[in-house]
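A.B. asks: The structure under discussion is supplied below as C-alpha cells; questions concerning it will follow.
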C-alpha cells in the first residue's frame, strides 16, 4: 500500500530537486510540466504539477516517520549537503511523544518533518515550544536548535 499525493508548484525544477533530496529518489517520470516520485520508504507516490499560481496552505505540514535518530541525522545530512535550511529538534516533547526531528520546507513553503518517536509522554508539548509550527511564525519567539 502506498499513499498518493499531488502538489502544485510554481518551480518544477526546484521542487524536483527538493523532493529528490527529501525522499532519496529521483522522479520515475520527469516531464516539462509534471514529475512523479515513487518511493518504497516511505511508501509514497508524489506527483508534482507545474502551476504558476500554486500556493501552499498555511499551517499544514507533512511528515516522514523513520526508525531511528540515526535516520533523522542522515536526513539532516542530505538536506544540509543540498543547501536547504533546516530546523532541528532533538529529544523534545511534541504531540504527547518525545521525538527527534528535522524540518525543511519545499519551494512552495510546505513544511516537512522527518522524525523518530523515542517514547510516548503524558505532556502534549515542551513548555517553551509550540510543536509542529514554523519557528519563523511562532509567537513565542523561540528559535529551534539548528546545526
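Taken together, the values in this text are just the output of simple stated rules run on the coordinates, not laboratory data. These figures come from a predicted structure and were not determined experimentally.
A.B. asks: Using the alpha-carbon atoms, what tilt in degrees (0 to 90, nearest 10) does helix 69-81 show relative to the longest principal axis of the chain?
C.D. replies: The two axes meet at around 50 degrees.
A.B. asks: Moving to a separate point now. By how many degrees, between 0 and 90 and to the nearest 10, does the Cα long axis of helix 12-23 differ from the longest principal axis of the chain?
C.D. replies: For 12-23 against the chain, the angle is about 50 degrees.
A.B. asks: How much of the calculated P(r) for the chain lies past 23 Å, in percent of all Cα pairs?
C.D. replies: Of all Cα-Cα distances in the chain, 37 percent exceed 23 Å.
A.B. asks: Also, I was wondering about something else. In whole percent, what relative contact order does region 3-50 give with Cα contacts below 8 Å and a gap of six or more residues?
C.D. replies: 47
A.B. asks: Here's a follow-up. Roughly what % antiparallel, to the nearest 5, for the DSSP beta bridges in the chain?
C.D. replies: 65
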